[in-house]
Amino acid sequence: MKNIPYARQWIKPEDIYSVKRALGAQYITQGPLVAVFERLVAAYCNAKYAVAVNSGTSALHIACLAAGLKEGDEGISSPITFAASTNCLLYCKAKPVFADILDGTACINPEDIKKKLNRRTRVIIPVHFAGHPCDMQEIACIAQKNNLFVIEDAAHALGAEYKGSKIGSSKYSDMTILSFHAVKHITTAEGGIALTNNKRLYERLKLFRNHGITKDPHFLGKDHGPWYYEMRELGFNYRLTDIQSALGISQLKKLDFFLKIRKGIVNEYNKAFSQCEEIKPLEERNYVRSAHHLYVLRFDFKKIKASKIDLFNEYRKKGIIVNLHYIPVYYHPYYKKLGFKKGVCPNAEKFYEEALTLPLFPKMKEREVIRVIGATKNIIKKFNRSKI
Ligand SMILES: *Cc1c(COP(=O)(O)O)cnc(C)c1O
């Protein structure tokens, strides 16, 4: 039996055709297809401006730079995320501060954000964990009262909706970032984008993507000549290529279809596990539409009388490559060295003890879904029997 990965991309012949054509075009680095891809993603998400970059991490970095983060500033995010969500603060010499998660959704708890605020706080980076939007209205309210930037890390949430508005529309934030890494909803192999409705932030995002260089006559003042450009900030080379954009444009056409399959699989899992008292799926609020990036189960290890390692090994023995999202960011040695200690976010730490991610991806076959459900039930049963 073939192994079932926890996630994988779905590249179809038309995607390959589209990339082939891009390879034969005049521009293969940042060219006209990048602009087309930006326009399409912005339109899909209902945002005014989009700046495509070579990864979601780069998008987070230029978003922090556009917000003007610097040494001495603090940013608040959740520890249940990929390290990139707070590494972007460190890139700017700002200090990450972690607010705890809500038990039901594993998204950041606005009440704990309030507790972690101080006069150095400049930005909140909510992460729409597993595709479920955070409480954006409350977060926007905190930001407004305290004059903070909000950068949504929507790497998991392309296609999600919050109270009727698309994630990415940045209705409750200054900027939103997406990732097009292979495991995300649509892929450009590596890639990301920053979305905003603010013209000034848009200009800054573009500047930081491209070495801090501008050729825009609006910024240059007098006409220096056709060769002329200026480097105005210390930017980076974070450009996406036209080859990748060709893939992104083609993938975007399938996004709603992919989202529908993800939702179908999640419904099937939820239904199958509703009778198992040893496991608990994440909750879904009735005012959101999740993008269902990950299917996370919380195991009651006291009830099933097994350790997480036992559980992982059982799944992997059956060819089901389960995963864990995430190790609390501040558990990592680099963060420990910065002075972070256990106990900062008790809910997140408990979540880490209990969580496990089952396979979920559009290319997953019905029989694979059934195999995962069967294996989950069997593993729980086996542990229950063996330890009594
Ligand atoms: C994937 C991911 C990122 C980073 O995206 P890359 O494109 O891999 O750089 C950031 N935040 C979260 C929550 C992610 O899952």
Legend entry - Leading residue by the ranking (nearest to K95 (Cα to Cα)) among those in region 360-381 that are of a type outside the set (D, E, K, R) and surrounded by fewer than 19 Cβ atoms within 10 Å (Cβ to Cβ): I373
Inset, instruction - Spot the failing condition for K184; the list is (1) under 15 Å from the mean Cα position of the chain (by Cα); (2) more than 16 Å from the ligand (Cβ to nearest atom), and only one is missed. - result: (2)
Inset, instruction - Could you check, for region 212-231, whether at least one of its residues is crowded, with 18+ Cβ neighbours inside 10 Å, assigned to a loop (DSSP other than H, G, I, E, B) and among the hydroxyl-bearing types (S, T, Y)? - result: no
Inset, instruction - Kindly provide the set of residues from region 187-202 that are closer than 12 Å to A66 by Cα, away from the ligand (no atom under 16 Å from the Cβ) and surrounded by 18 or more Cβ atoms within 10 Å (Cβ to Cβ), ordered by number. - result: T196, L201, Y202
Inset, instruction - Within region 103-115, work out how many residues are open to solvent by less than 10 Å² (accessible area, probe 1.4 Å) and not β-branched (V, I, T). - result: 3
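For S173, state whether it is surrounded by 19 or more Cβ atoms within 10 Å (Cβ to Cβ) and within 13 Å of the ligand (Cβ to nearest atom).
no
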Legend entry - Single unsatisfied condition, L294 versus (1) crowded, with 19+ Cβ neighbours inside 10 Å; (2) among the aliphatic types (A, V, I, L, M); (3) more than 30 Å from L178 (Cβ to Cβ): (3)
Inset, instruction - Look at L178 and say whether it is at pLDDT 95 or above, more than 16 Å from the ligand (Cβ to nearest atom) and of a type in the set (A, V, I, L, M). - result: no
Legend entry - Selection count where residues are in contact with a Gly (Cβ under 6 Å, 6 or more places away or on another chain) and more than 12 Å from the ligand (Cβ to nearest atom), scope region 50-74: 0
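Each row is one residue, and each column tells you yes or no for (1) in contact with a Ser or Thr (Cβ under 8 Å, 6 or more places away or on another chain); (2) at pLDDT 95 or above; (3) of a type outside the set (A, V, I, L, M, F, W, C).
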| position | (1), (2), (3) |
| --- | --- |
| N46 | yes, yes, yes |
| A63 | no, yes, no |
| L69 | no, yes, no |
| S77 | yes, yes, yes |
| F98 | yes, yes, no |
| I101 | yes, yes, no |
| I108 | yes, yes, no |
| V123 | no, yes, no |
| H128 | no, yes, yes |
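Would you pick out the residues in region 291-314 that are on the phi > 0 side of the Ramachandran plot and within 16 Å of the ligand (Cβ to nearest atom)?
In the first step, residues of region 291-314 are kept if they are on the phi > 0 side of the Ramachandran plot; the result is 292, 305.
Matches in region 291-314: H292 only.
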Legend entry - Residues within region 145-163 that are touching a residue at least 40 places away in the same chain (Cβ under 8 Å) and away from the ligand (no atom under 16 Å from the Cβ), tallied: 4
Legend entry - In region 266-304, the residues that are part of a loop (DSSP other than H, G, I, E, B), free of Cβ contacts under 8 Å to residues at least 24 places away in the same chain and farther than 16 Å from K377 by Cα: N286
Inset, instruction - Please state which one of S274, S290, S307 is more than 20 Å from A375 (Cα to Cα) and either among the hydroxyl-bearing types (S, T, Y) or in the same structural domain as A154 (by TED's automatic domain parsing) (or both). - result: S290
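The values are calculated or read from the model by the stated rules, or taken from the named source; none is laboratory data. Model, not experiment: these values are computed from the prediction. All Cβ positions, even for glycine, are placed from backbone atoms using ideal geometry, and neighbour counts span all protein chains on display. We work out accessible area using only protein heavy atoms, side chains counted, and drop any ligands, DNA or RNA first. Shrake-Rupley method; radii C 1.70, N 1.55, O 1.52, S 1.80 Å.
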